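Comments concern the structure below.
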Amino acid sequence: MKKWLFALIAVPTLLVGCGEKKEALPEPEVPQIPEVEILTPKEVALNETIELAAHVEQGGKNVDDAVVEFEVWESGKRDEGQMIDGKLEQDGVYKATTTFEHDGVYYMYAHTTANGVHNMPKQQIIAGSPDMTKVVPEDEKANNSMDNNMMDHNNDTSDDMDHEEEKKDEINHH
């Protein structure tokens, strides 16, 4: 009987003693936001191959393993835009090519994901000599909320997931 009484007191005491020793877990290191400098000219000629280019740095160092996609669309026709995969050229510079076949004002996002963190700077590109009175102005509220938009994708490598998140983010900003 004394053994059972001792066991009923000793076991919970040992468990409480073990439970008090909590070690602080180290804070997870959050990657810095990638710095993306668009290198594409703001004015381009018609019917010539144009280089879409962006330089990617993170923490002051070139990033040679980022995912860079250039989204290009004509003003007022975002849903007709195209996504073009950027390829690493060297020293954190990613490039793709396109051709503008008629005068117009175009926009480009350089969708960039480095170490699970997304940044998408935007640039206007004028092709040829467009009639600026016919250019459909971009929705300023939507543009400002999307410019340099940064989000953590938790190192998700699925392109479909990235695009779904971007669409949700765009809807949430309206």
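The values are calculated or read from the model by the stated rules, or taken from the named source; none is laboratory data. Keep in mind the model is a prediction, meaning the values are calculated, not measured. Here Cβ is always computed from backbone atoms with ideal geometry, including for glycine, and neighbour counts include all displayed protein chains. Surface accessibility is based on the protein's heavy atoms, side chains included, excluding ligands, DNA and RNA. Shrake-Rupley method; radii C 1.70, N 1.55, O 1.52, S 1.80 Å.
Structural remarks
- The conditions of being among the polar types (S, T, N, Q) and without any contact (Cβ under 8 Å) to a residue 60 or more places away in the chain are not met by residue 124.
- Failed condition for residue 42, given (1) modelled with pLDDT under 95; (2) open to solvent by 80 Å² or more (accessible area, probe 1.4 Å); (3) within 16 Å of residue 124 (Cβ to Cβ); (4) of a type in the set (D, E, K, R): (1)
- Some residue of the stretch 61-83 being closer than 22 Å to residue 130 by Cα, open to solvent by 80 Å² or more (accessible area, probe 1.4 Å), in contact with a Lys or Arg (Cβ under 9 Å, 6 or more places away or on another chain) and modelled with pLDDT of 95 or more: no
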